[in-house]
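Here the structure comes first, spelled out in structure tokens, and everything after it is commentary.
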Amino acid sequence: MTKRTMDADRGKGPVRLLLFAASLGNDSLNQRLAAVAGATLERSGARVDRATMREFDAPSYNPDVEAREGFPPGPKELHRRLEACDGFVIASPEYNASMPGQLKNAIDWVSRIRPQPFNAKHALLLSASPSMAGGNRGLWSLRIPLEHLGARVYPDMFSLAQAHKAFTESGELADPQLAGRFEQNLRAFVDLVEAATHYPCMKKAWIEFLGEPGETVGRVDAA
Ligand SMILES: Cc1cc2nc3c(=O)[nH]c(=O)nc-3n(C[C@H](O)[C@H](O)[C@H](O)COP(=O)(O)O)c2cc1C
């Protein structure tokens, strides 16, 4: 079945969003934020596929391993789940003013698998951190590889500052004003993905310039 037929078969059902926190920790602040996001996205009408970073984790990217053994299970699983969704939401920790290594590593592996699944997918970025900036610098760094790969990263990002104090006992956002903004942000994202999924009007090519013709290169794509 072609993608076009599959889209037509789906009619105008709920949009499908992959959601995961990019932390490998059990007691993760970003996992808590992702849990609030999951409920909010569902209230906004989306169907949510909840995942964890542990499902997508992999040894550091190594071209020799790729040539010898192909792709590890984690990146293959992330690729499969991205292919099955209309958009994705990542709640990412900030490590040293950037994204965590495990997330960049997963993106690097998945970018090698065809079809390259970030291309033309809508993305919403969230972060939670005990700091006053809430991990926002990490999200700016995360935009770069995602946009490079053709993802349509939603302009508004949500960063939860002082996240260790920001949740109620039942896991909601404690500050009602902040909770309202969070809900508004996520609803607007779902509206956009719905519009883009059901009423597509723009196609974008992902073309990576890799130098002069004739060079031997491992990465060329034009979608
Ligand atoms: C290696 C490392 C670097 C970190 N760098 C930053 C940073 O630059 N900015 C920040 O806000 N928090 C930083 N933190 C603190 C994390 O925000 C904090 O550990 C947070 O709880 C991680 O997210 P998680 O709870 O979802 O795992 C860093 C933590 C680690 C382990």
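The values are calculated or read from the model by the stated rules, or taken from the named source; none is laboratory data. What you are looking at is a predicted structure, and each value in this text was computed from that prediction instead of being measured. Cβ: placed from backbone, ideal geometry, glycine included. Neighbour counts: every protein chain shown. For the accessible areas, the whole protein counts, side chains as well, though only heavy atoms, and no ligand, DNA or RNA atoms are used. Shrake-Rupley method; radii C 1.70, N 1.55, O 1.52, S 1.80 Å.
Structure data summary
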read-out: Semi-axis lengths, Å, the stretch 76-192, gyration tensor of Cα atoms, sqrt of 5 times eigenvalues; value: 26, 17, 12
read-out: Qualifying trypsin sites (Lys or Arg not before Pro) in the stretch 137-192, DSSP loop, other Cβ atoms within 10 Å at most 14; value: none
read-out: Residues of the stretch 1-138: accessible area per residue with a 1.4 Å probe, Å²; value: 46
read-out: Of the GluC sites (Glu not before Pro) in the stretch 117-205, those whose Cβ has at most 12 other Cβ within 10 Å and which sit in DSSP loop; value: 169
read-out: Portion, in percent, of the accessible area of the stretch 41-150 that falls on carbon or sulfur, probe 1.4 Å; value: 53
